[in-house]
Amino acid sequence: MVKAKIAVNGYGTIGKRVADAVRAQDDMEVVGISKTKPNYEAAVAHQLGYDIYAPAANLGAFEKAGMPAAGTIEEMVEKADLVVDCTPGGIGEGNKPLYEKAGVKAIWQGGEDHSLAGFSFNAICNYEQAVGRDLVRVVSCNTTALCRAIYPIDKELGVKKARVVLARRATDPNDVKKGPINAIVPDPIKLPSHHGPDVKSVLPQINITSAALKVPTTLMHVHTVNMEVEKDCTVDDVKNIFGSQPRIRFVGLGMSSTAEIIEFARDMKRPRNDMWENCIWPESITVEDKELYFFQAVHQESIVVPENVDAIRAMMELESDGAKSIEKTNKAIGLNKK
Ligand code: NAD
């Protein structure tokens, strides 16, 4: 089988995970990753055998550091069928002319606006609409988690209105520059936060509003979700709906916090303690007068990773059935809910 040639432009928190997840698949391969500087992440990429591409002006620095680059970022893009742009939010937009010039397909992440690609993706919600597309945006960690939870409830019970409060991790574990370290920050103070409206970029029919707070933690986000639904339902109905979802995990067994969920991921020997699934506390699921409530935790560093793999498979027309792609991706990366 000829494998789809994938380049990962920007090898940071998301990019390094996407590269490894693509490598785990049998229908696609990584032709290169890009790094701007020869730092510790580049050294590991080199050890892992990735071809590293860099800005032309920095090629000498890579040579000097003992990890010679395979070429420039432009040359990497030329080698690819599809580029997954994992550069910091706002930077990816500037790469669009590069991708267009090379005639390659491109995926951007949630830090870019919906309008850049004109299509926002979540595998369970709209895989089939992404088949054959040239440009796609994989929505952010919070939006991914909300789409995965709201879509199946809307399908089975009809969502009249969703209200979400997000306690967001302040920053990622490797980030030494950002805070807060001793404050809770309404972010933004003016409501709604962008998360509710962003869900509508994937699920335009959903009536949703959201508020968000930044809290001093790096591990995960936690959402308090409330949905008013059209049909009468029980807690068991909601549990059955979530239980049948391929990327929703129930957490319990003493896991009463994000710290214990991450420890569980470490104990399971997940790569980089990644938890690709929405983590819902089943005891939190409450139903009252056609309104349901629950808590879910979201591992921001990894939840979008399988979604990127599915987006590639749809765009490259390697699989037309979303459920089959999700199953294939999950199996290859080791996402097993047991
Ligand atoms: P990051 O800062 O960890 O990584 C970005 C990488 O891109 C870095 O290695 C940086 O050196 C490199 N880079 C910067 N400018 C570049 C350029 N011009 N060309 C090539 N590489 C360049 O960022 P991240 O957290 O991985 O975020 C990437 C995207 O994913 C953003 O859109 C972000 O909003 C989105 N996202 C992030 C998270 C998260 O929690 N970290 C979750 C979901 C989505």
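Values quoted throughout were computed directly from the atomic coordinates according to the rules given, and no laboratory measurement underlies them. All figures in this text were calculated on a predicted structure; none of them were measured in a lab. Heads up, the Cβs are rebuilt from the backbone with ideal geometry, glycines too, and the neighbour counts pull from every protein chain shown.
Between the residues Val298, Leu82, Ser320, the greatest Cα displacement towards the positive end of the dipole of the chain, with unit charges on the Cβ of Lys, Arg, Asp and Glu, is found for Val298.
Taking all Cα pairs closer than 8 Å and separated by 6 or more residues, the relative contact order of the chain comes to 18 percent.
Cross-link partners of Lys178 among aspartates and glutamates, defined as those whose alpha carbon lies under 18 angstrom from its own and excluding same-chain residues fewer than eight positions apart: Asp187, Glu301.
Calculate the dipole size of region 195-338 relative to its Cα centre from +1 charges on Lys and Arg beta carbons and -1 charges on Asp and Glu beta carbons; express the result in debye to the nearest 20. Intermediate results must be reported in sequence, preceding the final value.
Numbers: 17 positive and 22 negative charges, 130 e Å.
The dipole of region 195-338 has a size of about 620 debye.
Which links in Lys160/Lys190; Lys16/Lys338; Lys3/Lys105; Lys16/Lys214 stretch past 18 Å when you go from one Cα to the other? Check vs 18 Å cut-off fails for Lys160/Lys190; Lys16/Lys338; Lys16/Lys214. For region 119-190, taking the reciprocal of the average inverse distance between every pair of different Cα atoms yields a Kirkwood hydrodynamic radius of 15.2 Å. Counting only residues at least eight positions apart within a chain, or on another chain, the aspartates and glutamates with an alpha carbon under 19 Å from that of Lys231 are Asp154, Glu156, Glu288, Asp289, Glu291. Karplus-derived 3J(HN,Hα) values for region 278-283, using 6.51 cos²θ - 1.76 cosθ + 1.60 with θ = phi - 60°, are 5, 10, 9, 7, x, 5 Hz; glycine and proline are entered as x.
Against the chain, whose longest principal axis comes from its Cα atoms, helix 13-23 is set at around 80 degrees.
Taking the DSSP beta bridges with both ends in region 1-155, the antiparallel portion is around 0 percent. Computed from point charges on the beta carbon alone (+1 for Lys and Arg, -1 for Asp and Glu), the dipole magnitude for the chain about its Cα centre is near 560 Debye.
Taking the square roots of 5 times each eigenvalue of the Cα gyration tensor of region 1-114, largest first, gives ellipsoid semi-axes of 20, 17, 14 Å.
Other residues within the sphere of radius under 14 Å centred on the Cβ of Met67, judged by their own Cβ, net out at 0 (K and R +1, D and E -1).
Restricting region 97-190 to trypsin sites (Lys or Arg not before Pro) that sit in a DSSP loop and have at most 15 other Cβ atoms within 10 Å of their own Cβ leaves Lys177, Lys178, Lys190. Mind checking which of Gln25, Gln205, Gln109 has the largest fluctuation in a GNM of the chain, springs on alpha carbons under 10 Å? Per the Cα network of the chain with a 10 Å cutoff, Gln205 tops the list. Taking Cα atoms only, the orientation of helix 305-315 departs from the longest principal axis of the chain by about 70 degrees. Identify all lysines with a Cα-Cα distance to Lys101 below 18 Å; exclude those on the same chain that are fewer than 8 residues away in sequence. Straight-line reach from Lys101, under 18 Å: Lys5, Lys79. So if a site counts as exposed when it's one of the GluC sites (Glu not before Pro), its DSSP state isn't H, G, I, E or B, and it has at most 15 other Cβ atoms within 10 Å, what's the longest stretch of the chain without one? Within the chain, the longest run free of exposed GluC sites (Glu not before Pro) spans 1-229.
Evaluated on the chain, the Kirkwood hydrodynamic radius is 20.5 Å, with distances taken between all distinct Cα atoms. Applying a DSSP loop filter and a limit of 13 other Cβ atoms within 10 Å to the trypsin sites (Lys or Arg not before Pro) in region 241-277 leaves Lys269. Computed over every Cα-Cα pair of region 171-241 and binned at 10 Å starting from 0, the pair-distance distribution P(r) comes out as 15, 34, 32, 16, 3 percent.
Helix 258-267 and the longest principal axis of the Cα set of the chain meet at an angle near 50°.
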